[in-house]
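The values are calculated or read from the model by the stated rules, or taken from the named source; none is laboratory data. Every value quoted in this text rests on a predicted model; they were computed, and no experiment measured them. Virtual Cβ from ideal backbone geometry, glycine too; neighbours counted across all protein chains shown.
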Amino acid sequence: MNTVVVRMPVLNANEDQAIIVDWCIEDKKAVNRGNEICIVETTKAAHDIVAEADGFIRYLVKKGQVVKNDQLIAVITATPNEDYSDFITSLEKSESATTERKWTKKAELVAKKLGVDLADLTAKHADSVITEADVLEFNKSRFVGKDLLEDANPNLRPQRILLIGGGAGGGAITLETLSRIQHQRAVGILDNNAALHGKTIMGVPVIGNNNLAAELWQKKDFDAAIICVTASIIDRVTIFNNLRDQGICFANVIDPTSVVKSYVSMGEGNLIMGNAYLAPFCVLGDNNFLASHACIEHHTKVGNHCTFGPRFTTSGAVTIGNQVKFGMGVLVEPYLTIEDSCLIPSGCVLTQNLPFNSVVKMQHNQVIKVRS
Amino acid sequence: MASYLSGLQSGLKEALTANRKVIVLGEDIVDPYGGAFKVTKGLSTCFPERVISTPICEGGFTGVAVGMALRGFRPVIEIMFGDFLTLCSDQIVNHMAKFPDMYNNQVKVPLVIRTPMGGGRGYGATHSQSLEKMFLGIPGIKVVAPSHLHATNDILKYAILNDDDPVLFIENKLLYPLEQHVHVFMEQSVEISGYPTVALRNFSTGKPDVTIIAYGGLSLEIVPLLAKLHDDELNVNAVFPSSLWPVPVETLTRYGAQCGRIVLCEESSAGFNWGSEIAALLYENLHGKLAAPIARLASASQAIPAARQLEIKTLISAQDIENAVWELMS
């Protein structure tokens, strides 16, 4: 026989409790179904409570005690000395148990409308409740680069480019350049500015944060990435290294109005804007940004992660290290060496080598002689 | 902070203090009993000459009160259970409501009839109904039913002291012990002077997905439901007019227009309801602006059982409202 509970019944619509006046059967004694167990009293009347099963009565409250409606008064056990503590614990547990939610109802509704299977999201959100925003984010990423014709002929389609940090000005000029390139096509933009998510720039969707790149790469939603952040070299380096660690390929995006001569060597992830000029035998590493009209003359070597402002010009055979930032209109004399991490402001004319980590100050109005 | 009950108690006391023409009549309302729901507790001790217990004769003492109101008193009567309004409906419909019009507005009937409505306490078929819908639309009277988001003190006091029209004042049995619910996401509009409409939303910014319009005791179900729907990311605005008749139609239209999805809820039995009229008015005012048909919810069209589980099945529940809300969204 299972243990049976005896609860205080609702005896009066206006009262939520009653007093245990007396026991009719001693604790641990045998009862039969229908036997009176105890007498309880409300403000209006005294009532008998009867056993609903055969067994042994085990009281949980005291004589004279005020008991709330539905409160446990006793249990009826199969044997007189049975331990019922586990039974009570499991009863309390099942009463307080709440079903764990895996997603909100709004998320469920949106998923249904969009045809998203929430099971696809549960792995990623094992520790949190899936929200509407999670579903929308997932939905956006599902459709990147999916094209009925191009995906049927993957070897012949233009290279699909994902813009990283492409929500600002750097992204806009990159999109404009890509719009005039036949062999490459922008398929999506990532940016950490959440206000842009779900919107489009020049028809290209802003899909999510920069860290979504790995997921999109695994799903083969793009062929190569390009970093559009131009203001911060540190950000360019961090993003580049992160993506490369995850095996993501980078594209060189070169504006068709720029000139890249024969015998130019170039790594990957370089963004080269309109009317730039790369002379023969120059070498460009990875992840450099060349603004419009930048000119890298012959036999010049550039490392990685450098940014060049508009109308930057080197003469021949200059050596430039890594993470060097040039402002606008900087001129560099031939044969000079600019070491890593230097910072050169707009309008400078460099006439001497720069050691590692140099910061150059522009001197205006330098008086060289006073005429007599 | 006042409870629904203590607001009514203090409202009555302040009205009796403010105007010597205020007089309270009803069954078993004097101390020590103080009324079946204790709304008049303590009043007869303070105002023994103006708080008077009557015989069990609703029609009789309602008629007495109408007469007193005609002759310059501002009587308040208590009908112990709203179900008993049927006993005084002749006085309400044929006398109280009509005298000002019949006498070319040369007389006024500033009478307040207070009575508790609603189920949920196992009182059975004749002590649990919400019969206010029987009096909606009668020209010449107002029907007022505050929720526990309203300040019952202010509303009752206004009805007694400031409203020269007869007012049927509907209270809710389950709301009596509740503290007035106050929240920063609450706003109040007063379209019908003295009887504000309170709106409570469950979101800080943006637009509602659904507007729930309800009154009286359903605030007890709807306030926790708003929190639950918030957890499910649904923006809901719950609007509680305290005036059922006349209808604050501009206010309800304004809230309904915010999202175009409207659920109307009431505890009375289904069929020819308050919600029927509100829905018709909203359809007229929001033609072409609704995203979905207006949902109307009420209790089952049957006598209310005394047995607890059967009563629960009969009366409108939070689950019914939640289901309707999601139905509108899908």
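Summary table
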quantity: Filter result for residue A:117 (assigned to a loop (DSSP other than H, G, I, E, B), under 22 Å from residue B:330 (Cα atoms) and out of contact with any Asp or Glu (no Cβ under 6 Å at 6 or more places or on another chain)); calculated: yes
quantity: Residues of segment B:144-182 that turn out to be part of a strand (DSSP E or B) and acidic (Asp, Glu), as a count; calculated: 2
quantity: Given (1) assigned to a strand (DSSP E or B); (2) over 16 Å from residue A:271 (Cβ atoms), number of the condition residue A:220 does not satisfy; calculated: (1)
quantity: The listed residue being surrounded by fewer than 24 Cβ atoms within 10 Å (Cβ to Cβ), within 14 Å of chain A (Cβ to nearest Cβ) and either at pLDDT below 95 or closer than 24 Å to residue B:8 by Cα (or both), out of B:225, B:174; calculated: B:174
quantity: Scope segment A:84-114; condition surrounded by fewer than 10 Cβ atoms within 10 Å (Cβ to Cβ) and either in a loop (DSSP other than H, G, I, E, B) or of a type in the set (Ser, Thr, Tyr) (or both); matching residues; calculated: A:85, A:94, A:96, A:97, A:98, A:99, A:100
quantity: Enumeration of residues in segment A:68-98 that are within 13 Å of chain B (Cβ to nearest Cβ) and without any contact (Cβ under 8 Å) to a residue 60 or more places away in the chain; calculated: A:98
quantity: Test result for residue B:117, away from every other protein chain (no Cβ under 14 Å), in contact (Cβ under 8 Å) with a residue 12 or more places away in the chain and more than 13 Å from the chain's Cα centre (by Cα); calculated: no
quantity: Selection within segment B:233-243 - within 14 Å of chain A (Cβ to nearest Cβ) and buried (at least 23 other Cβ atoms within 10 Å of the Cβ); calculated: B:234, B:236
quantity: Which numbered condition residue B:283 fails, given (1) in a helix (DSSP H, G or I); (2) in contact with a strand residue (DSSP E or B) (Cβ under 9 Å, 6 or more places away or on another chain); calculated: (2)
quantity: Test for residue A:299: is it surrounded by fewer than 21 Cβ atoms within 10 Å (Cβ to Cβ) and at pLDDT below 95; calculated: no
quantity: Residue tally, condition surrounded by 16 or more Cβ atoms within 10 Å (Cβ to Cβ), over 22 Å from residue B:171 (Cα atoms) and not hydrophobic (A, V, I, L, M, F, W, C), over segment B:254-295; calculated: 6
quantity: Residues satisfying the stated conditions in segment B:81-125, i.e. surrounded by 18 or more Cβ atoms within 10 Å (Cβ to Cβ) and assigned to a loop (DSSP other than H, G, I, E, B); calculated: B:81, B:97, B:109, B:110, B:111, B:118, B:119, B:120, B:122, B:123
quantity: For residue A:212: the one exception among (1) surrounded by fewer than 19 Cβ atoms within 10 Å (Cβ to Cβ); (2) in contact (Cβ under 8 Å) with a residue 40 or more places away in the chain; (3) in a helix (DSSP H, G or I); calculated: (1)
quantity: Unmet criterion (only one of (1) under 19 Å from residue A:77 (Cβ atoms); (2) out of contact with any helix residue (DSSP H, G or I) (no Cβ under 9 Å at 6 or more places or on another chain); (3) not in a strand (DSSP E or B)) for residue A:6; calculated: (3)
quantity: Every pair of residues 6+ apart whose Cβ atoms lie under 6 Å, when the first sits in segment A:359-372 and is under 24 Å from residue A:325 (Cβ atoms) while the second is among the aliphatic types (A, V, I, L, M); calculated: A:359/A:343; A:360/A:344
quantity: Lone unmet requirement of (1) more than 16 Å from residue B:73 (Cα to Cα); (2) of a type outside the set (Val, Ile, Thr); (3) buried (at least 21 other Cβ atoms within 10 Å of the Cβ) for residue B:10; calculated: (3)
quantity: Residue ID - surrounded by the most Cβ atoms within 10 Å (Cβ to Cβ), chosen from residues in segment A:11-68 that are among the hydroxyl-bearing types (Ser, Thr, Tyr) and over 58 Å from the mean Cα position of the chain (by Cα); calculated: A:42
quantity: Any chance residue B:284 is more than 14 Å from chain A (Cβ to nearest Cβ), of a type in the set (Asp, Glu) and free of Cβ contacts under 8 Å to residues at least 40 places away in the same chain; calculated: yes
quantity: Single match in B:65, B:36, B:69 (criterion: within 20 Å of the chain's Cα centre (by Cα) and either assigned to a helix (DSSP H, G or I) or of a type in the set (A, V, I, L, M) (or both)); calculated: B:36
quantity: Residue within segment B:298-314 that is assigned to a helix (DSSP H, G or I), away from every other protein chain (no Cβ under 14 Å), touching a Pro at 6+ places or on another chain (Cβ under 8 Å) and surrounded by 14 or more Cβ atoms within 10 Å (Cβ to Cβ) present; calculated: yes
quantity: Criterion violated by residue B:324 - all others in (1) within 14 Å of chain A (Cβ to nearest Cβ); (2) touching a residue at least 60 places away in the same chain (Cβ under 8 Å); (3) out of contact with any strand residue (DSSP E or B) (no Cβ under 7 Å at 6 or more places or on another chain) satisfied; calculated: (3)
quantity: Residue within segment A:163-173 that is crowded, with 16+ Cβ neighbours inside 10 Å, hydrophobic (A, V, I, L, M, F, W, C) and in contact with a helix residue (DSSP H, G or I) (Cβ under 6 Å, 6 or more places away or on another chain) present; calculated: yes
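Conditions tested, residue by residue: (1) surrounded by fewer than 18 Cβ atoms within 10 Å (Cβ to Cβ); (2) under 20 Å from residue A:228 (Cα atoms); (3) in contact with a helix residue (DSSP H, G or I) (Cβ under 9 Å, 6 or more places away or on another chain).
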| site | (1), (2), (3) |
| --- | --- |
| A:267 | yes, yes, no |
| A:271 | no, yes, yes |
| A:282 | no, no, no |
| A:291 | no, yes, yes |
| A:321 | no, no, no |
| A:328 | yes, yes, no |
| A:333 | yes, no, no |
| A:337 | yes, no, no |
| A:345 | yes, no, no |
